[in-house]
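Participant: Here it is, the structure, as structure tokens.
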Amino acid sequence: MTLEFHPAVQQDFTAAIDYYAAAGGGHLADRFEAELRDCLAAIKTGPRQFAFYQGSTAFRRIRLRNFPYLVV
């Protein structure tokens with residue numbers, strides 16, 4: 001499966017990495033990035049296993065476990 005990203009995703013990702021690096025150091029930013037990559041890998045493996053997003057029948061979502069983010 002190929003993942004496609006909205007153009008704003010890179011900006012959001014960079015902003016989150018910068019925030020966590022400033023708030024908790026490089027280790028926290030690295031944890032965020034690793035968790036996001038794990039979510040993306042799970043999506044590629046089995047995208048239909050996730051709940052639909054806000055009643056949509058087209059979009060699904062996965063929550064990061066330790067950070068307040070969703071991937072839709």
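Participant: Please determine, in degrees from 0 to 90 and to the nearest 10, the orientation of helix 26-45 with respect to the longest principal axis defined by the Cα atoms of the chain, where the helix direction is its Cα long axis.
Facilitator: 10 degrees
Participant: Given Q11, A21, T57, which one lies farthest toward the positive end of the charge dipole of the chain, if we put +1 on the Cβ of every Lys and Arg and -1 on the Cβ of every Asp and Glu?
Facilitator: Looking along the dipole axis, the top candidate is T57.
Participant: Charges at C-beta only: +1 for Lys and Arg, -1 for Asp and Glu. How large is the resulting dipole of the chain about its Cα centre, in Debye rounded to 20?
Facilitator: Values: 8 positive and 7 negative charges, 80 e Å.
Rounded to the nearest 20 debye, it is 380 debye.
Participant: Nearest 10 degrees, 0 to 90: what angle lies between the long axis of helix 9-24 and the longest principal axis of the chain (Cα atoms)?
Facilitator: 40 degrees
Participant: Same structure again: When the chain is treated as a GNM, springs tying every alpha-carbon pair under 10 Å, which of A58, A23, A42 comes out with the largest mean-square fluctuation?
Facilitator: Taking springs between Cα atoms under 10 Å, the residue moving most is A58.
Participant: Okay, moving on. Could you work out the pair-distance distribution P(r) of the chain from its alpha-carbon pairs, with 10 angstrom bin width and percents rounded to whole numbers?
Facilitator: 18, 49, 27, 6
The numbers here are math on the coordinates, done by the rules we state, and not lab data. Because the structure is a prediction, the values reported are computed rather than measured. Cβ sites come from the backbone with ideal geometry, for glycine too, and all protein chains shown count toward neighbours.
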